[in-house]
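Asks: Below you will find the structure I want to go over with you.
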Amino acid sequence: MNSAPDHDDGAPFVPGPKSQALMDATAALIRRQQTEPRGLRFKRPASDGIMRREDVEGLTEISEPAPLTPPDDRWSGEEWAQIQRGFRPNSQDDYWLVLVEGDWLYVYRTLSGNGIYRARFEQTDGQWRIAEALIEANTARFHRRGDQEDSRNLALIIRNLLLNGPVAS
């Protein structure tokens, strides 16, 4: 029994017009993907461990900001100092890039560079809390899971990425 396909007569494959058009379109797409910027590009290493906006290209702000109920968490002055350092992703497996400017925390998706969360911190009774939070409402950029879960996710990002610990209950 011959295991070779019945169309293999030893002659080289010559694509027809439809096959050639598909191959040309695929090659053009691959070339475009290789040359178009995608996601974030870091300009220089974060030698001091602080994530700064000027160290990265490709960030876009929240396109449709919507109010988000801030998490109830409170942070000490020491924790606030650590939060202000932000988070620089180590690989494409890291979902988030986080930076702080003044009292505002900005959270971006690593692969797209899209802004997803923005939160304003304030100090009250010697502790820091989020006084105001915004979230991306454009469903083409981010799928919301509901106010309570999105608020909890923001707290998780802060605790797990910036403070390396579990979120407070």
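FYI, it's all coordinate maths here, none of it is from the lab. What you see is a predicted model; the values in this text were computed from it and never measured. Cβ coordinates were reconstructed from backbone atoms using ideal geometry, including for glycine residues, and neighbour counts include every protein chain displayed.
Asks: What list of ³J(HN,Hα) values in whole Hz, one per residue of the range 107-114 in order, does the Karplus curve 6.51 cos²θ - 1.76 cosθ + 1.60 (θ = phi - 60°) give from phi, with Gly and Pro shown as x?
Replies: So the Karplus estimates, Gly and Pro as x, are 10, 10, 6, 5, 5, 9, x, 6 Hz.
Asks: Still on this model: By how many nm would the segment from Asp147 to Asp94 grow when fully extended, if each residue of separation counts as 0.36 nm and the alpha-carbon distance is taken off? Walk me through the numbers on the way to the answer.
Replies: Values: separation 53, 0.36 × 53 = 19.08 nm, distance 2.33 nm.
Working it through step by step, the gained length comes to 16.8 nm.
Asks: Going by amide H atoms built from the backbone, whose H comes under 5 Å of the H on Asn114, apart from near neighbours?
Replies: Thr60, Arg109
Asks: A follow-up question, please. Suppose we keep just the alpha-carbon trace of the range 60-162; what are its Rg and Dmax in angstrom?
Replies: For the range 60-162, the Cα radius of gyration and maximum Cα-Cα distance read 12.9, 40 Å.
Asks: A further question on this structure: Under the 0.36 nm per residue contour assumption, what length would be gained going from the current alpha-carbon distance of Asn164 and Trp104 to full extension?
Replies: Details: separation 60, 0.36 × 60 = 21.60 nm, distance 1.99 nm.
That pair, Asn164 and Trp104, stretches by 19.6 nm at full extension.
Asks: Run the numbers for Ala66 and Glu54: contour at 0.36 nm per residue of separation, minus the present Cα-Cα distance, in nm. It would help to have the intermediate numbers written out before the result.
Replies: On the way: separation 12, 0.36 × 12 = 4.32 nm, distance 2.58 nm.
Answer, rounded to one decimal: 1.7 nm.
Asks: Please report the net charge: other residues with Cβ closer than 13 Å to the Cβ of Ile116, K and R +1, D and E -1. Don't skip to the end; give the middle numbers.
Replies: On the way: positive: Arg109, Arg118, Arg141, Arg144, Arg145; negative: Glu61, Glu64, Glu136, Asp150.
Residues near Ile116 contribute +1 overall.
Asks: Lys and Arg at +1, Asp and Glu at -1: add these up for the other residues within a Cβ distance under 11 Å of Arg152 and post the number.
Replies: Values: positive: Arg145, Arg159; negative: Asp72, Asp73, Asp147, Glu149, Asp150.
Charge balance in the 11 Å sphere: -3.
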